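Please read the structure below before turning to the comments.
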Number of protein chains: 2
Amino acid sequence: MEHIHGGNITRAVERYNLKEEDIIDFSANINFLGPPPQLLEEIRNNLAKIIHYPEPNSTTLKRKMGQYLDLEEKNLVIGNGAVELIYQLVKVIKPDLALVMAPTFSEYELAVKSCGGRVKYLRLEEEKGFKIDIEEVVANLDRVKIVFLCNPNNPTGTLIKRSELMDLIDYASRKDVFVIIDEAFIDFIDNPGNYTVIDLIVRYSNLFVLRSLTKFYAIPGLRLGYGAGTEELISKMELARDPWSVNFFAQLAGEIVLKDVEYQKETRRRISLEREFLYNSLKKIDGLKPFPPSANYIFIDIGASNFSSIVLAEILARRGILIRDCSSYRGLGENYIRVAVKSREDNCFLLDNLREII
Amino acid sequence: MEHIHGGNITRAVERYNLKEEDIIDFSANINFLGPPPQLLEEIRNNLAKIIHYPEPNSTTLKRKMGQYLDLEEKNLVIGNGAVELIYQLVKVIKPDLALVMAPTFSEYELAVKSCGGRVKYLRLEEEKGFKIDIEEVVANLDRVKIVFLCNPNNPTGTLIKRSELMDLIDYASRKDVFVIIDEAFIDFIDNPGNYTVIDLIVRYSNLFVLRSLTKFYAIPGLRLGYGAGTEELISKMELARDPWSVNFFAQLAGEIVLKDVEYQKETRRRISLEREFLYNSLKKIDGLKPFPPSANYIFIDIGASNFSSIVLAEILARRGILIRDCSSYRGLGENYIRVAVKSREDNCFLLDNLREII
């Protein structure tokens, strides 16, 4: 298994002989509103500061993030994207055996294997809408040292309720199993309070919650994520890593975006609107079976069309439209794609092209 | 041992109640000319691109770097600063026992310990000018799996000749010992051809060479470094890490700065001039014993003054001058400081203050 993800614009430019400005990228799940305008302005005003090292361990951002989340600084770690933190976490916990869903974000298993651990996969079934069944997770914890759950799950969009997660975390704490909840897309969903468990890290020492600022604030080029867990785990992670991993612009961005409540509201409103529009429109196309979305992406079974995901992605790419062919996800064949929710104009362009092709 | 380094401006601002613009930072070894002007311009023009993920594994920059270095892409890895690569390397090699000089850059031993390895220290002696004796290194390789050498060494500035390194690498290859040469400051020295071994990575499979773009191109806030080694080692490192660790601006910076031959020449000329000036001026201050510098920093024994390095750093900091108190380096007591070579005006300001205090 390799690192395969959406959003590789450079490869698309080279492979399909496209101009970058002609590409509409549905393959990466980035807030289509773009970054808060004030952010670009602030970066422009602070360009000269790249001559200084970033603040080690992002101490200042940690303090502000703590206030924002109502958590203490000592329970937070700031990362060069959430993915860096997945690798750090695994390096510190050194699990012999990890439980990972299939399909889910591929970096969990890659991180575990990079530290010599083995991975047990729990296959999610299409008949059950790819839902993660917590009872089944519990039934599979034997000899497992760490379990990864992505909530909402990537690429399927399914959610696990907070109450169910609490049962799992509680059970796992008695079995000495670490529970990692990746909430990278939770800022996009409706009623996040019913799903997040980030506040519980003060109650359970076996819980670690991951978050990303990359997607919601549309800054994947800068890299910024964070994690919350026990003071003991966090300080082990800080000691075992490059203290400068988060660059200066990312630190600056973190401080700015957290304050922008208007942007956060507007994003949720617009995403919710476009998600419904795109989902309902996709349902009406013969051959496409979209699954109910929760964040800013939609997972689609294209098995009833005449196309494999590889071929469909290729045809669309030649037209300048990048989608996520999901065949590289463990547990999925060539019948699934994932598309980001974008602006009305872009969504319509995708829909028109899909109707024409299928 | 903790991560303690120079260049922590934020801490200085808070601790000494200073304004950021009033601080002159001699504690971080950054090219005082600042980044190539074209670089800031290009970043400004490309700000909007932070909405895209960085290119995974920095493939394009790798290609250009390969042309610049006359090495193949497959032998190169681009890192989020050289420090990220130190951690990646250790993670992949998993050494039981590492040989590390004392004093030297502290992240080698921290990286080894973060992966559960032990460290054997080779004490460099002041009587020998802190020179690294290759015969002594060879005599200490028993049961060692990896040896780290920093060339020029940080903080002492001592150099090891290419011919001596070749003897070591050759001997180590027969004993199955990895040799890591950290050339983070080699771009600053005169006649780098007499010291670098980067071209030898195609000849020795036990050699890995680290370089930094952070210091020479004055972009520590962006983070950018690279490493050269065998295809086998490089591909293991790429698999075991976050594919997006290098942010978009750093990738952009890498492509721009490598082409700027004028800036490279001008930097070497100016640094060489100021290095001589600062070294000769420091020699004339009673109580200070500077060691012959090679890069853009000067290591100083202040034992004959009435100050410990901690106290001297504190007094200077209150005046807005940050220096590197070297007491946190393994093997050094409270008698050593390190200062960066800066502009004539800044150097004179430091000298005036040192004369006044001592």
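The values are calculated or read from the model by the stated rules, or taken from the named source; none is laboratory data. Worth saying up front: this structure is predicted, and the values here are computed from it rather than measured. Cβ: placed from backbone, ideal geometry, glycine included. Neighbour counts: every protein chain shown. For the accessible areas, the whole protein counts, side chains as well, though only heavy atoms, and no ligand, DNA or RNA atoms are used. Shrake-Rupley method; radii C 1.70, N 1.55, O 1.52, S 1.80 Å.
See the values below:
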{"quantity": "Relative contact order [Cα under 8 Å, 6+ residues apart], the stretch B:129-189, whole percent", "calculated": "44 percent"}
{"quantity": "Of B:176, B:199, B:242, the one that fluctuates the most in a GNM where chain B has Cα springs shorter than 10 Å", "calculated": "B:242"}
{"quantity": "Residue (of A:97, A:230, A:308) at the positive-pole extreme of chain A, dipole from beta-carbon charges", "calculated": "A:97"}
{"quantity": "Electrostatic dipole magnitude of the stretch A:76-234 [Cβ: Lys, Arg +1; Asp, Glu -1; Cα centre; debye, to 20]", "calculated": "420 debye"}
{"quantity": "Radius 10 Å from Cβ of residue A:97, net charge of other residues (Lys, Arg +1; Asp, Glu -1)", "calculated": "+2"}
{"quantity": "Interface residues, the stretch B:193-236 - accessible area loss of 20 Å² or more versus chain alone, probe 1.4 Å", "calculated": "B:220, B:221, B:222, B:223"}
{"quantity": "Loop-resident sites, the stretch A:224-317, for trypsin sites (Lys or Arg not before Pro), counting at most 11 other Cβ within 10 Å (DSSP)", "calculated": "A:284"}
{"quantity": "Backbone HN-Hα couplings from phi across the stretch B:40-53 [Karplus 6.51/-1.76/1.60, Hz, Gly and Pro as x]", "calculated": "4, 4, 5, 4, 4, 6, 10, 3, 5, 6, 5, 6, 9, 5"}
{"quantity": "Chain-alone versus full-assembly comparison, the stretch A:53-77, residues with accessible loss of at least 50 Å² (1.4 Å probe)", "calculated": "A:53"}
{"quantity": "Per residue accessible area of the protein assembly as shown, 1.4 Å probe, in Å²", "calculated": "38 Å²"}
{"quantity": "Candidate aspartates and glutamates - alpha carbon under 15 Å from residue B:64, same-chain residues fewer than 8 apart omitted", "calculated": "B:55, B:72, B:73, B:255, B:260"}
{"quantity": "Per-pair calculated FRET efficiency, R0 = 41 Å: residue A:264 and residue B:143 via Cβ, rounded to 0.05", "calculated": "0.15"}
{"quantity": "Amide proton proximity set for residue B:119, modelled H, under 5 Å, gap of 5+", "calculated": "B:98"}
{"quantity": "Chains A and B, summed buried accessible surface - 1.4 Å probe, Å², nearest 100", "calculated": "4700 Å²"}
{"quantity": "Computed FRET value (nearest 0.05) for residue B:127 with residue A:45, which takes r as the C-beta separation and R₀ as 51 Å", "calculated": "0.50"}
{"quantity": "In Hz, Karplus ³J(HN,Hα) per residue of the stretch A:256-263 (6.51, -1.76, 1.60; θ = phi - 60°; x = Gly, Pro)", "calculated": "6, 5, 4, 7, 8, 5, 4, 4"}
{"quantity": "Cross-link pairs B:74/B:94; A:19/B:265; A:62/A:342 - those with Cα-Cα distance over 25 Å", "calculated": "A:19/B:265; A:62/A:342"}
{"quantity": "Cβ charges +1 (Lys, Arg) and -1 (Asp, Glu), total dipole of the stretch B:90-170, debye", "calculated": "420 debye"}
{"quantity": "Measure of compaction for the stretch A:30-74 (Cα Rg per 2.2 N^0.38 Å)", "calculated": "1.47"}
{"quantity": "Difference of contour (0.36 nm per residue) and Cα-Cα distance, residue B:118 to residue B:277", "calculated": "53.1 nm"}
{"quantity": "Those lysines that a straight Cα-Cα span of less than 21 Å connects to residue A:161, excepting residues fewer than 8 apart in one chain", "calculated": "A:128, A:131"}
{"quantity": "Around residue A:17: net Lys/Arg minus Asp/Glu count, Cβ-Cβ under 13 Å", "calculated": "+2"}
{"quantity": "Rounded FRET efficiency, nearest 0.05, which uses the C-beta distance separating residue A:94 from residue B:63 and R0 of 30 Å", "calculated": "0.25"}
{"quantity": "Given charges at Cβ of Lys, Arg, Asp, Glu: chain B dipole, positive-most of B:77, B:13, B:252", "calculated": "B:77"}
{"quantity": "Spin-label model distance (nm) - residue A:314 vs residue A:202, 7 Å beyond Cα toward Cβ", "calculated": "5.5 nm"}
{"quantity": "Centre separation in Å (Cα based) which lies between the stretch B:291-358 and the stretch A:173-188", "calculated": "47 Å"}
{"quantity": "³J(HN,Hα), Karplus 6.51/-1.76/1.60, whole Hz, each residue of the stretch A:236-248, x for Gly, Pro", "calculated": "5, 5, 5, 5, 8, 9, 4, x, 9, 5, 8, 6, 4"}
{"quantity": "Exam field: residue A:175 pseudo-label spacings to other copies (7 Å along Cα-Cβ), nanometres", "calculated": "4.8"}
{"quantity": "Qualifying trypsin sites (Lys or Arg not before Pro) for the stretch A:4-96 [loop in DSSP, other Cβ within 10 Å: at most 12]", "calculated": "A:19"}
{"quantity": "Residue-averaged [θ]222 nm for the protein assembly as shown, counting only DSSP H segments that reach four residues, each worth -39500 (n - 2.57)", "calculated": "-11500 deg cm²/dmol"}
{"quantity": "Cα gyration tensor category, rounded, prolate or oblate, for chain B with a/c compared to 1.5", "calculated": "oblate"}
{"quantity": "Cα centroid separation, the stretch B:202-237 to the stretch A:72-107 (Å)", "calculated": "25 Å"}
{"quantity": "Chain A, relative contact order in percent, only Cα pairs under 8 angstrom and at least six apart counted", "calculated": "24 percent"}
{"quantity": "Residue among B:339, B:90, B:137 with the largest mean-square fluctuation in a Gaussian network model of chain B, springs linking Cα atoms under 10 Å", "calculated": "B:137"}
{"quantity": "Unit charges on C-beta of K, R, D, E only; dipole of the protein assembly as shown, Debye", "calculated": "320 debye"}
{"quantity": "Alpha-carbon Rg/Rh ratio, for the stretch B:213-358, with Rh computed the Kirkwood way", "calculated": "1.07"}
{"quantity": "Apportionment of accessible area to carbon and sulfur, the protein assembly as shown, percent (1.4 Å)", "calculated": "45 percent"}
{"quantity": "Within the stretch A:153-226, trypsin sites (Lys or Arg not before Pro) in DSSP loop having at most 15 other beta-carbon neighbours inside 10 Å", "calculated": "A:161, A:175, A:203"}
{"quantity": "Cα-based shape type of the stretch A:81-173, given that a ≥ b ≥ c are square roots of the gyration tensor eigenvalues and the cut on a/c is 1.5", "calculated": "prolate"}
{"quantity": "The stretch A:61-97 residues near the modelled residue A:231 label - backbone nitrogen below 11 Å, point 7 Å along Cα→Cβ", "calculated": "A:72-75"}
